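J.: For reference, the structure I am asking about is given below.
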Amino acid sequence: MQTSTSKTTSRSTQQLVYILQFALILTVVAIAAVRHTYATHAHSFAHYHGPVVGPAKEVSLHGKHGHHHIGYVAYPKYEFSYGVDDHHTGDHHGQKEHRDGKNVVGEYTVKEPGGNIRTVKYHADPHAGFFAYVHNSDGNNHDGGTYVGHRQSEGYGGYY
């Protein structure tokens with residue numbers, strides 16, 4: 001025959017087991033919810049074609065110290081894009097670019113720590129040089145900011 005004390009102890013032990021099982025189930029559900037939440041906060045992509053088309057041309061390079069190198073050059077033609085959109089870390093940036101021979105057109109976007117979104121659109125060719133247009137979402141734009149870098153020489157068949 002069980003005493004009243006042993007029935008109370010048995011009931012308390014059973015209640016403790018139920019509480020621990022319930023806590024374990026809640027923990028598993030919470031972990032699954034957190035993993036699902038973080039898994040859906042980031043997105044990235046990448047796309048490319050290229051980097052060259054047509055036949056390759058052999059070039060001979062004579063470097064410093066008498067070293068001789070053989071390389072190959074072909075008509076450059078490519079396009080690429082990539083991006084990251086991560087709401088958890090706040091990392092948002094991307095770039096896309098297209099090149100056909102000596103003409104390059106592209107843009108990149110980056111979200112800066114203060115929240116400003118900077119977009120730079122650029123193009124370059126051997127006649128006009130390099131031009132970049134900078135747009136800031138906070139209104140601090142650099143309109144008309146032009147940089148004309150070096151013009152391409154005809155070395156390596158004129159392609160870089």
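The values are calculated or read from the model by the stated rules, or taken from the named source; none is laboratory data. Remember, it's a predicted structure, so these values are computed and weren't measured experimentally. As a convention, Cβ positions derive from the backbone with ideal geometry for all residues, glycine included, and neighbour counts pool all protein chains shown. For the accessible areas, the whole protein counts, side chains as well, though only heavy atoms, and no ligand, DNA or RNA atoms are used. Shrake-Rupley method; radii C 1.70, N 1.55, O 1.52, S 1.80 Å.
J.: What is the number of the single condition among (1) open to solvent by 80 Å² or more (accessible area, probe 1.4 Å); (2) modelled with pLDDT under 90; (3) not polar (S, T, N, Q) that residue 121 does not meet?
T.: With (1) open to solvent by 80 Å² or more (accessible area, probe 1.4 Å); (2) modelled with pLDDT under 90; (3) not polar (S, T, N, Q) applied to residue 121, the lone miss is (2).
J.: Any idea which residue in region 51-70 is farthest from the chain's Cα centre (by Cα), counting only those that are in contact (Cβ under 8 Å) with a residue 24 or more places away in the chain and open to solvent by less than 80 Å² (accessible area, probe 1.4 Å)?
T.: Only one residue tops the list, namely 59.
J.: How about region 100-118: which of its residues are within 18 Å of residue 49 (Cα to Cα), open to solvent by less than 80 Å² (accessible area, probe 1.4 Å) and of a type in the set (Val, Ile, Thr)?
T.: Once the filter is applied, which keeps residues that are within 18 Å of residue 49 (Cα to Cα), open to solvent by less than 80 Å² (accessible area, probe 1.4 Å) and of a type in the set (Val, Ile, Thr), region 100-118 yields only 104.
J.: Does region 45-76 hold any residues that are more than 24 Å from residue 101 (Cα to Cα), assigned to a loop (DSSP other than H, G, I, E, B) and small (Gly, Ala, Ser), and which are they?
T.: 63
J.: Still on this model: Would you confirm whether or not region 128-137 contains a residue that is touching a residue at least 24 places away in the same chain (Cβ under 8 Å) and either open to solvent by 30 Å² or more (accessible area, probe 1.4 Å) or closer than 15 Å to residue 50 by Cα (or both)?
T.: no
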